[in-house]
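Below is one structure, written out as C-alpha cells, with a few remarks after it.
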Amino acid sequence: MLPTTLTGATLAFLGMLSFALRNVRATEFVSVQLGPTQWLRGKVTTLSTGQPMNIFRGVRYAQPPTGSYRFAEPRPSSGWNGSQDALEDKPRCLQTWLPDPLKPESEDCLFLNVFSPNVTGTVPVMLFIHGGAYYRGSEDIFDASLLASQGVVVVLIEYRLGLFGFLSNSDHVIPGNYGMLDQVLAMKWVQKYIHVFGGDPEMVTIFGQSAGSAGVSLHVLSPLSKGLFKRAIMESGVSLSPFAIYRAKTKLQSSNYTSLLGQELGCRTDSSKVLLGCLREANAIHMMEASSRIRWHTHSDILATPTVETTYGFLPDLPYNLLKSGQFNKVDTLRGYNSGEWSFVIFDPVDEGISRDAFPKNFARMFKTYGSTQDFETIVLKSIENAYLGQHTDKKVIRSQLVDALAHFAFALPGVLESRSMTKYAPNHKHYFYEYDYRVSELVSIISVLPKWMKIVHTGELKTLFLEDGHIFASETDKAVAKQMQTMWANFAIFGNPTEKNVPQHLQWVPYTEQNNAMMKISENSKMTTFSRPENVPMYEKLLKIAAGITPDLFVEQPLFEILNICFVIILQFLPCPYLAKGFCNYKAPDEFIFTQQNNYKSLVELGRCCICRKISIVSPSTKMGISSCLTFLLVVLCGVAHCRLRRQTSTPDYVTVELSAGQSLRGEKITKDGQGLNVFKGIRYGAAPVGSLRLAAPQEAPSWTGSQDALDLPPICWQRKQTDPHHAQSEDCLFLNVYSPDINGSLSVMVWIHGGSYNRGAGIRQDPSQLARHGVVVVTLNYRLGPFGFMSSGDDTIPGNFGLLDQNLAMKWVQKHITAFGGDPASVTIFGQSAGAASVSLHLVSPLSKGLFKRAIMESGSSLASFAVERPATKFQQSNYTSEMGVRLGCNDTDSPSLLTCFRNVPVSQILDEDHNMREETGTDILVTPTVETAFGFLPDYPSNLQKAGKINAVDTLSGYTNGELSYLISDPDEDGVTRSEFLPTFRKTNQTYAFNKESVPVVDRFIESYYLENATNPIAIRSRLVNSLSEGTFGLPAALEIQRMQNAEGSDTKRHYFYEYEYRISVLLSFISLAPAWMGIAHAQDLEIVFFNDKIMATNSDRAVANTVQTMWANFAMYGNPTEKNVKQDGVDLNWTPYTKANNAMLKIAAKSEMTTFPGSDRVSIYAKLLENFIGNSDAASLTV
C-alpha cells in the first residue's frame, strides 16, 4: 500500500489513469424498443469477468422542468419516432457545489442510466437515488456494472436539487417536494419501461445514500409511491434523521428561505403567486448565486429539503407521526450506517484525543449542516453529553465516544427507531440493519487517507458498493468485500434476504427486532453482532419530537416543582384572568375555541388541553395579545403541564396481553390509578386499509396475521376537512379502534362509542373513556371514514354512499367476534354517540344490517330524524350533484358513475379534501355529504321516518336527550340586551350554515319556528330565550322525542324502556372556556361530553366530580341493566329514580348540579315536527302543510 503522504493531485491523476485504462476495451451496441416507433441504442461493455453489460446513459424520463414548469410537478417524457442514442451521460442537475467543467449542468436534467446484464431476461431491478444534502450530487459518478452483474438491472437517476427541487413557501402555490416527485416519476418510468431492458417491474428495490437514503425512506412513507417498489435499502440516512426534512426546530424555515431568496432576486414576497411568477422568470445562475449568499450568511449547509405538504400529498404528515401510526408502505427494508459517519468534523491534528470541554464544541460543528435553532442545539448537546461523554476523562476514549455519538445521532439511532416502527407495523416483512466498517485502499478512495480513529466516514461505503470493474489499484481484499456487499445487496433485491446465496455459509444475516437488536458488521471479516447503544434510542426519540414540535421544550426541561410553583403563583395573583378571556378568545363553534395568538403555540396548547380545554386551535390575527390575555394563556399552559406531570406520576403503566384467537395476541398497557387498574389497547385494526380499489367501497375485515402485536399507540385519525389536532396523523388507512377494559378476565357489558363531527371531522381518540370504563364496563372507541371518503354518493349503485356507517357496522361485528378476549360480553353491547355520532346510532336502530349487533343505544344530541341526519329531498345540495361537481373540479374526464369512481380512486387525498373544503366555503354549508337512502348495501333502504312508521326498528332499550343551549352560539348579543322579533328568524336560519334546506323548505321551517317558538313575544330577553329553545329543543329535542314515540310502536318494544333527558350542567370555567359563555346561552352542543368523558383533573370542582360521577354511573348502569338509576345513584343521600318516557308520561330527567325529574316541555310540538319531517322527505308538499 502506498504511504498516506501522497498528494491529492497524485491520487487524482492515478484515479483518472485507472479510469482511462478501464475504458480502452472495445464496445458494441445494443438496441431496445420502448414503443411501436421508439428505439434506444446503448453500449455493450464486456466486463473483466467476460460478462457482457448493456449500458444505456442519458435516458430521458421527464420533460424539461423549465419555464412555467419550474417549481411544478414533473411531466412524463414525450414520445419520439425512430432511434435515439443513449450512449453518454446527460447534464447534471443545477447545483452549487464545485461545478465540474467536464460535467455540464442544466435545469433540463431529468435523465437516468440503466445497467442490464441481459436485455432479454426478467430479473429484479435496483433503482439508486444519489445523495448530496439535497442540493448536490449526480448519478454519473457511479459505475453500477459489477452490482448489475450479480443478476439485477440497476437504474441510476437524476432529480432536481437545491432550490429547484425543494423550494417551498409552505402553501399550495409553492408547496415544494419537486425533487421527490421527480423520483416518483422515475419509478413510474421503471414500472412502464424496465421490462424492455430485461427488468421485472414487480421486483423493484429502491436504494440510496445520505439524502438519497432519506429520500428512499420518505418513499416508504409516501402514499404517492405505494406499489412502485417492493423493497428498500437505506445507506446512512432515514426519514427520522435530523437533516431529512424541514421540522419545527429547523433554523431557517422553508418559507423564510423562500422569502430571503425572493428578496435577493428583487421579487415581491407578499404574494406567493407573484413570487412564483418572478422566480420562474429569474435567471437560474443568479438564483444559485443568491442561494449561496443565503447559505453563507445563515451558516447553514442544507437550505431546502423535503417538507410536509398536502398539495401533491407526497408527505402528508411528519415522518414520525406516519411511522408511529403505521402509515407507510409495507415492504422489506435494509438500512444502516458507517462506523465513523461525521467524525471528520473532529479537530485533532496531533492525534492526542480531545478534552471533555472540546467534546460539545466538536459535536456542534455538525449543526452547520442541519441548521437547527440554537435552543434545540443546546438541548441536543446536553442529551448527547449525558449519553456518550459520561464520566470519561481519557482524551482518546472521549474522542472515540464522540465518533460514535456523531454516527449514532444522525444515522444509527434514527435508523433503529425507524426499524422498530417497521417491525411493529410490518411484522410479515423482514428488516435488516448494518454497520459498515471496511476501509478501501487509499488509491481507490481518497477519504481512506483519513486517520483510522475516524473509522469509516460518510459515503465511505460507496466505493465498495460501486467499485469500478477492473480498478487497477483495488486490492484483492477490496474486491472481495465489494463482491460480498454487492452480492448481499443483490440477494436482498432478488430474495428479500441478503445472505440467501453466494455468501459464506457462516454468514447468515439475522433480521432486526427490538428484542435482538441484530446488526451485521460489514468489514473484511463480516459478522453478526448487536447494535451497541439501543438504550439511547428513547433519548433520540425525545429529541426528534422536540425538533418536530411534537413535544414542547418546556415539557422536557422544566422540573415539576418549578412548574407547579409558577402555576400556583399565577392562580393566586391573576385569578380574574380567565374572565378576561372574552378579549382574546373568539367563540367560533360549539366544540372549539380559538386563541388569537401571533406566535405558534400549538405545542404549548396541547399541554394546556390536559386540564383546561379539550379543543383549542390557533389563528393569526393582526393584533397582539394584551397582558391579561398572555397571563391567562400562561395559566392554561402551565396548569396543563402541571396536571400532565401529576397524572404521569400517579399512573403506573404496565403491560397486559390478550389472545384474540389461536396464534394472535395483542399487548396493551395496564394503567393503575388510585389503586384501580385499567387495561388499555390502542390502535387495533378492525378493517383493511380502505385505499385503492377499496376507496368508496364497503370495508373489508382486517387481514389476518400471526404472532404478537403491540396496541400501545393511538392510531391515525381519518382524513377530514381540517386538522383539529396537529399532533395526530391523518390517514386514509384509519379503520382502527381502542379498547378500555377494567377486567380482561370478566364478562362485562360493553359500550361502543361513535364520535360526532358533522360526518366530516372527529375521531375515536378525541374522548378518553378511562374513567367511564372504571364504572365496570368495557368501552370501545372507533374511527370511521369521514366526509367524501365516508359518505360521497352518486345516487346509484356505483357509489352508493354510507361507507362510514358500514365502517361502524364492521367495528360492531369485530366487537361481537373479539370483545370476549378483553373481558366484554358480546350479548350486552350498548352503542352510544353524540351529534352525528348519535344520529349514526339512531340509523343503526333502523338498519337491517345492524340487527342483533347491540342490545341498547344512547343518543346524545342527535337522531336519525334530525334535520342534518340524512340526505332528503328537502336537502339543498343533493349528493349526486356534489359528486358530479367534485368530478368536474378534480378534472375527471367522464361524468358517468363508473368513470367517476375510477377517477376518484386515483386522485390524491389532498385534492379531494381541498375541493371539498372549497365547496363548503363557496356554499357556506358545513354538511354537504351525509348518510343516504340506498339499497346497494342495504344499510338504509328507506328514509328513517318511513322505516320507523312501518315498525322496521331494531327494538332495544334507548336513552336519548339534548343540551338546553345546543346551537345558541349562533345568537349574536354582545350587549346582552336580547333579540328583536326581526332578528329571530334570520338568526335561526344560520342553522343552514350547518345543514342547508332547499328554497321550498325554508319558508316551511320558518313558519314552524315562528308559530311555535316566537309566537307573540315582544320582550327582547324573552325572544332571546325562545330563540335558544328553538335552536335546542326544535332541532334536537323534538326529533329525539318523536323517535321515542315511534320506537314504542315497534314490534317487540313492549319490554323495552326509553329514557329522555335535558342536560344543563355547566362545568368549571377552568376546565372548559365554553363555560365563560353567558348563562342565557345554556349548555352548548357537545359540552356534555366534558362530563360523560370526565377524567379527574386538579382544577375540577367538587360539583364537577359529583355530576360526572352521577352521569357516568347512569350511562354505565343503562349499559349493564337497561336502567340508568338501577344502583349507586344518589342525590342528597336519596336514591335518584329516572322514570322512562312513555306516551302517557313524557318523563324527562333534567341533568344538573341537582338533577330532577320533569316532563318534556315540547310534547305538544312533536306532532307538528312529524308533519314537518314528512315535508322534508317529500311525503307532503309545502303548500298543504299547516303548522
- Query: Name the residues in the range 968-990 that are open to solvent by less than 20 Å² (accessible area, probe 1.4 Å) and part of a loop (DSSP other than H, G, I, E, B), would you?
  - Reply: 971, 973, 978, 979
- Applying the selection to the range 1114-1156, what residues are free of Cβ contacts under 8 Å to residues at least 24 places away in the same chain and among the aliphatic types (A, V, I, L, M)? 1129, 1134, 1144
- Query: Hey, among 487, 477, 499, 464, which residue is at pLDDT 95 or above and part of a loop (DSSP other than H, G, I, E, B)?
  - Reply: 499
- All but one of (1) surrounded by fewer than 21 Cβ atoms within 10 Å (Cβ to Cβ); (2) among the charged types (D, E, K, R); (3) outside any loop (DSSP other than H, G, I, E, B) hold for residue 442, so report the exception by its number. (3)
- Where residue 227 falls short, out of the listed (1) open to solvent by less than 10 Å² (accessible area, probe 1.4 Å); (2) of a type outside the set (Phe, Trp, Tyr); (3) on the phi > 0 side of the Ramachandran plot; (4) out of contact with any strand residue (DSSP E or B) (no Cβ under 6 Å at 6 or more places or on another chain): (1)
- Query: Does the range 262-270 contain at least one residue that is of a type in the set (Lys, Arg) and either in contact (Cβ under 8 Å) with a residue 24 or more places away in the chain or open to solvent by less than 10 Å² (accessible area, probe 1.4 Å) (or both)?
  - Reply: no
- Message: Six or more apart or on different chains, Cβ atoms under 6 Å: show the pairs whose first residue is in the range 169-189 and farther than 28 Å from residue 127 by Cβ and in contact (Cβ under 8 Å) with a residue 12 or more places away in the chain and whose second is among the hydroxyl-bearing types (Ser, Thr, Tyr) and not in a helix (DSSP H, G or I).
- Response: 172/311
- So which of 1143, 1150 is closer than 26 Å to residue 1039 by Cα and at pLDDT 95 or above? 1150
- Item | Single residue of the range 489-524 satisfying the filter (touching a helix residue (DSSP H, G or I) at 6+ places or on another chain (Cβ under 7 Å) and among the hydroxyl-bearing types (Ser, Thr, Tyr)) that is surrounded by the fewest Cβ atoms within 10 Å (Cβ to Cβ) | 513
- Message: Can you tell me which residue is most open to solvent (accessible area, probe 1.4 Å) among those in the range 1133-1169 that are in contact with a Lys or Arg (Cβ under 8 Å, 6 or more places away or on another chain) and either small (Gly, Ala, Ser) or part of a loop (DSSP other than H, G, I, E, B) (or both)?
- Response: 1140
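Filter the range 380-422 down to residues that are of a type in the set (Asp, Glu) and over 21 Å from residue 233 (Cβ atoms) and give me whichever is surrounded by the fewest Cβ atoms within 10 Å (Cβ to Cβ).
If we take residues in the range 380-422 being of a type in the set (Asp, Glu) and over 21 Å from residue 233 (Cβ atoms), then 394 is surrounded by the fewest Cβ atoms within 10 Å (Cβ to Cβ).
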- Note on the structure: Among 764, 804, the single one that is surrounded by 24 or more Cβ atoms within 10 Å (Cβ to Cβ), touching a residue at least 24 places away in the same chain (Cβ under 8 Å) and touching a Ser or Thr at 6+ places or on another chain (Cβ under 7 Å) is 764
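Against the condition crowded, with 22+ Cβ neighbours inside 10 Å and either in contact with a helix residue (DSSP H, G or I) (Cβ under 8 Å, 6 or more places away or on another chain) or at negative phi (or both), how does residue 1114 come out, does it pass?
yes
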- Please specify each residue of the range 1078-1101 satisfying the condition of being of a type in the set (Gly, Ala, Ser) and more than 28 Å from the chain's Cα centre (by Cα). 1079, 1082, 1084, 1100
- Item | Selected residue (only one of 114, 119 is touching a residue at least 60 places away in the same chain (Cβ under 8 Å) and open to solvent by 10 Å² or more (accessible area, probe 1.4 Å)) | 119
- Hey, among the residues in the range 525-566 that are surrounded by 16 or more Cβ atoms within 10 Å (Cβ to Cβ) and of a type in the set (Asp, Glu), which one's modelled with the highest pLDDT? 541
- Take residue 1106 and decide whether it is surrounded by fewer than 21 Cβ atoms within 10 Å (Cβ to Cβ), of a type outside the set (D, E, K, R) and assigned to a loop (DSSP other than H, G, I, E, B). no
- Query: From 897, 863, 850, which residue is polar (S, T, N, Q), surrounded by 17 or more Cβ atoms within 10 Å (Cβ to Cβ), farther than 23 Å from residue 999 by Cβ and touching a Pro at 6+ places or on another chain (Cβ under 7 Å)?
  - Reply: 863
- From the residues in the range 649-660 that are hydroxyl-bearing (Ser, Thr, Tyr) and not in a helix (DSSP H, G or I), which one is most open to solvent (accessible area, probe 1.4 Å)? 655
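Checking the condition within 30 Å of residue 225 (Cβ to Cβ) and either open to solvent by 30 Å² or more (accessible area, probe 1.4 Å) or β-branched (Val, Ile, Thr) (or both), which residue from 941, 908 passes?
Numbers: 941 fails: within 30 Å of residue 225 (Cβ to Cβ).
Just one listed residue meets the conditions, 908.
Within the range 64-77, is there a residue that is more than 30 Å from residue 171 (Cβ to Cβ) and either open to solvent by 40 Å² or more (accessible area, probe 1.4 Å) or touching a strand residue (DSSP E or B) at 6+ places or on another chain (Cβ under 7 Å) (or both)?
no
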- Extreme residue, farthest from residue 878 (Cα to Cα), among residues of the range 914-934 that are in contact (Cβ under 8 Å) with a residue 12 or more places away in the chain and open to solvent by 20 Å² or more (accessible area, probe 1.4 Å): 914
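Out of 819, 858, 799, 831, I need the residue that is open to solvent by less than 10 Å² (accessible area, probe 1.4 Å), modelled with pLDDT of 95 or more, closer than 24 Å to residue 765 by Cβ and touching a Leu at 6+ places or on another chain (Cβ under 6 Å). Which one?
One residue alone meets the criteria, 858.
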- Message: Looking at residue 1075 and the list (1) in contact (Cβ under 8 Å) with a residue 40 or more places away in the chain; (2) within 36 Å of the chain's Cα centre (by Cα), which single condition is not satisfied?
- Response: (1)
- Query: Does residue 368 satisfy the condition of being closer than 25 Å to residue 234 by Cα, at pLDDT below 95 and surrounded by fewer than 22 Cβ atoms within 10 Å (Cβ to Cβ)?
  - Reply: yes
- Message: I'd like the full set of residues that are outside any loop (DSSP other than H, G, I, E, B) and on the phi < 0 side of the Ramachandran plot, limited to the range 763-787.
- Response: 770, 771, 772, 773, 778, 779, 780, 781, 782
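The values are calculated or read from the model by the stated rules, or taken from the named source; none is laboratory data. Note that the structure is predicted; figures quoted are calculated from it, not measured. Reconstructed Cβ throughout: ideal geometry from the backbone, glycine too, with neighbour counts over all protein chains shown. Accessible surface is based on the protein model in full, side chains and every heavy atom, while ligands, DNA and RNA are left aside. Shrake-Rupley method; radii C 1.70, N 1.55, O 1.52, S 1.80 Å.
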